[in-house]
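Notes to accompany the following structure.
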Amino acid sequence: MSCLFCSIAQHNIPSEIVYEDDATSAFLDIQPRSLGHTVVVSKTHAETIIDLPAASLAPLFLTLQHVTGMLSRALHPAGFTIGINQGLVSGQTVPHLHVHIIPRFTGDGGGSIHSVVNQPPNEAIAMTAARIRKYS
C-alpha cells in the first residue's frame, strides 16, 4: 500500500511536522488555506473515521486538542475551523483519515462550517432521526 500520509508519518517524505507521538503526526498542509494550516493524522492507516479502530480515536483527538493549543499560542488567531473531509464528494483527496486545523483571522474571507453545503432536506428532522436511530 502506498499512502501519502503514512509515508509522511513514517518520515519517508519530507514535511514540516509540528508535533508527533507514537500514535499520531501533525504537519503543515502544503497548500495552506491560512497561516499555520495543519493536518493531523493517526499513524494507523484508515481511510475514514468509520474505518479507524476505536483505540486510535482518542489519541487522534488528544493530538488535535494539543496542536490546536500550540497553534493558538504561536499564532494568536481569532479562532479555528476544524474539520474532516470524508469521501470524494466532500473533497477528501488523500484516502487516509485526516483532520484539518485551519487558524482563522479577522477578515480572512472564510466562512463557517455551515457555508460548505446549502441543501436543506425535504424530510422532517424527526423522520431523519428515526431513520438514523435504527442503526445504533
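Below are the figures for this structure:
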| read-out | value |
| --- | --- |
| Subset of the range 100-129 [in contact with a helix residue (DSSP H, G or I) (Cβ under 8 Å, 6 or more places away or on another chain) and either among the polar types (S, T, N, Q) or open to solvent by 80 Å² or more (accessible area, probe 1.4 Å) (or both)] | Pro121 |
| Checking Ile132 against (1) in contact (Cβ under 8 Å) with a residue 24 or more places away in the chain; (2) surrounded by fewer than 10 Cβ atoms within 10 Å (Cβ to Cβ), the condition it does not meet | (1) |
| Looking only at the range 86-114, and only at residues there that are assigned to a strand (DSSP E or B) and in contact with a Leu (Cβ under 9 Å, 6 or more places away or on another chain), the one that is nearest to Val41 (Cα to Cα) | Val99 |
| Tabulated pairs, the range 68-89, first of a type in the set (Phe, Trp, Tyr), second in a helix (DSSP H, G or I), C-beta under 8 angstrom, 6+ apart or interchain | Phe80/Thr68; Phe80/Leu71; Phe80/Ser72 |
| Test: residue in the range 69-85 that is within 22 Å of Ile13 (Cα to Cα), open to solvent by less than 30 Å² (accessible area, probe 1.4 Å) and touching a helix residue (DSSP H, G or I) at 6+ places or on another chain (Cβ under 8 Å) | no |
| Cβ-Cβ under 8 Å pairs, at least 6 apart or on other chains, the range 7-35 side free of Cβ contacts under 8 Å to residues at least 40 places away in the same chain and open to solvent by less than 100 Å² (accessible area, probe 1.4 Å), far side outside any helix (DSSP H, G or I) and of a type in the set (Asp, Glu) | Ala9/Glu20; Phe27/Glu16; Leu28/Glu16 |
| Some residue of the range 76-89 being farther than 27 Å from Ser2 by Cβ and of a type in the set (S, T, N, Q) | yes |
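The values are calculated or read from the model by the stated rules, or taken from the named source; none is laboratory data. What you see is a predicted model, and the numbers here were worked out from it, not measured in a lab. No Cβ is skipped: glycine too gets one built from the backbone with ideal geometry, and neighbour counts run over all protein chains shown. All accessible areas refer to the heavy atoms of the entire protein, side chains included, with ligands and DNA or RNA removed. Shrake-Rupley method; radii C 1.70, N 1.55, O 1.52, S 1.80 Å.
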